[in-house]
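The structure appears below as structure tokens.
The values are calculated or read from the model by the stated rules, or taken from the named source; none is laboratory data. Predicted model, so just to flag it, every value in this text is computed and none were measured. Cβ atoms come from the backbone with ideal geometry, glycine included; neighbour counts cover every protein chain shown.
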Amino acid sequence: MIRYFFLAATVFIFACAPKPTRVFSDSPVVVRKESQQDKLKRGVVVLDVRAPFEFNMSHVPGAINVAWEDFSRRSPDARGLIDKDLHSITRRLALIGIDPSTSVLILGRGKAGKGEEGRVAWTLESLGVENIELAPSEAFREKKDENLPVANKAPWDAKRQPSLEVTWKELRKKIEGNSLPKAKAKKKHRPRIALPEKNENFAVIDIRSREEYSIDNLSKRTSKSFKFENIDWREFFTDEMDPNPAVMKTLSEAGITQMTEIYLISNHGVRSGAATWALQRLGYKNARNFAGGYEQIPWPPLPRR
């Protein structure tokens, strides 16, 4: 009887003992993502690219209202191209406290807009300003302390970065193989020279909406076969206007890698500039913006050969 008593007591003790902790994941702890307000607390120069009416209704204290057109050419058929007078641009930027070493926060309408904040970011980076972040203005409805006024800075000798932009001549040559139709040879019996095969590892991404794309696009203007995708510019950004890593899967499924030469196009280089800026930060260093956009492509369409 005593033996059964001790056996029952032993079973009861083990049943009441705490169970070992179950490990559901051995992944490292993820550091808290920086909040939008954290971006504002660092004394950065804040640019707001919304329309003047929206800006005047409500804006972050100390923010400066700019438009992407402020840095572009005035010609109706080349509005997407950066102004040739770079000194004039850097002088204006210096007056609002921006030089290549400045941290800049650009606010806009986010995905409800047309990529204006991304276009301004691309422009600044083309001029040598690299420490740039974007955010929707809606994230700053609860305003904190006033920003300290920024000091003027000296204009700098800006040099355009061709690695961020592609001209129409370059893009057409990629698509068609030649920038201009071949002239007829004067000599009738000129021997043919074997030319090296052209590197076809490039892709053109039209970042406009599906509706815009269906009405007219590059594939309708040439019979030349090339990798051409339509990916809405919003897919390149999160709701907080940070570069969106999820788009990398979309690109991979389309056969586009970080080694691919990527040319982005929109109507006049605004949304494509935003997407280029995002791709650069995601590691696609061969991404370039066709700043002139469809607006600059001459009409009639490319010759069909």
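List of remarks:
- Restricting the first member to region 124-139 and to residues that are touching a residue at least 12 places away in the same chain (Cβ under 8 Å), and the second to residues that are small (Gly, Ala, Ser) and assigned to a strand (DSSP E or B), the beta-carbon pairs closer than 8 Å and six or more apart or on different chains are 134/108; 136/108; 137/108.
- Looking only at residues in region 269-288 that are assigned to a loop (DSSP other than H, G, I, E, B) and under 12 Å from the mean Cα position of the chain (by Cα), the one that is nearest to residue 117 (Cα to Cα) is 269.
- Residue among 272, 252, 209 that alone is hydroxyl-bearing (Ser, Thr, Tyr), without any contact (Cβ under 8 Å) to a residue 12 or more places away in the chain and not assigned by TED's automatic domain parsing to the domain that holds residue 136: 252
- Boolean, residue 80 is in contact (Cβ under 8 Å) with a residue 60 or more places away in the chain, under 22 Å from the mean Cα position of the chain (by Cα) and either assigned to a helix (DSSP H, G or I) or assigned by TED's automatic domain parsing to the domain that holds residue 156 (or both): yes
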